[in-house]
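Please treat every number below as a calculation from the coordinates, not as lab data. The structure presented is a predicted model; accordingly, all values stated were derived computationally and were not measured. A quick note on method: Cβ atoms are made from the backbone with ideal geometry, for glycine too, and the neighbour counts reach across all protein chains shown.
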Amino acid sequence: MKTLLIADAPVPQLLQEFITRGSTSVDQRGVDDQAEAGMPDADRIVFWSAGSDAGLRQLASRYAKAEQAERREAILFVTAAAGDPVPGLANTECFRWPQDEDRLRMAFLTGG
């Protein structure tokens, strides 16, 4: 499974391990690298937010619309901070770190 990881801060080591073990390849980029890009060619897109970065949430929301149009499920949004939900993403696509560690472990081990 080809994974694109878009992060606004360094990814916690354990989360990085989940992503790496559950992927055939991982391409990591910053929010600014994706600002003008269309829906990426990846099996899974993981957003990591250490806070409440508005740009990252907007990008995730934009990709969520494209995801729905393509009728696929590819996005996981992981954040360390409580915050507003990302418009367009289902609760099953949003995770809190480290509270949802077990859910994330299962998502990456099962390809979800």
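Data table
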read-out: Loop GluC sites (Glu not before Pro), the range 55-103 (other Cβ atoms within 10 Å of the site Cβ: 12 or fewer; DSSP); value: E70
read-out: Local net charge near I6, Cβ-Cβ under 12 Å (Lys/Arg +1, Asp/Glu -1); value: -1
read-out: Alpha carbon centroid spacing (whole Å) that separates the range 1-49 from the range 63-78; value: 14 Å
read-out: Once the Cα gyration tensor of the chain is diagonalised, semi-axes √(5λ) in Å; value: 18, 16, 14
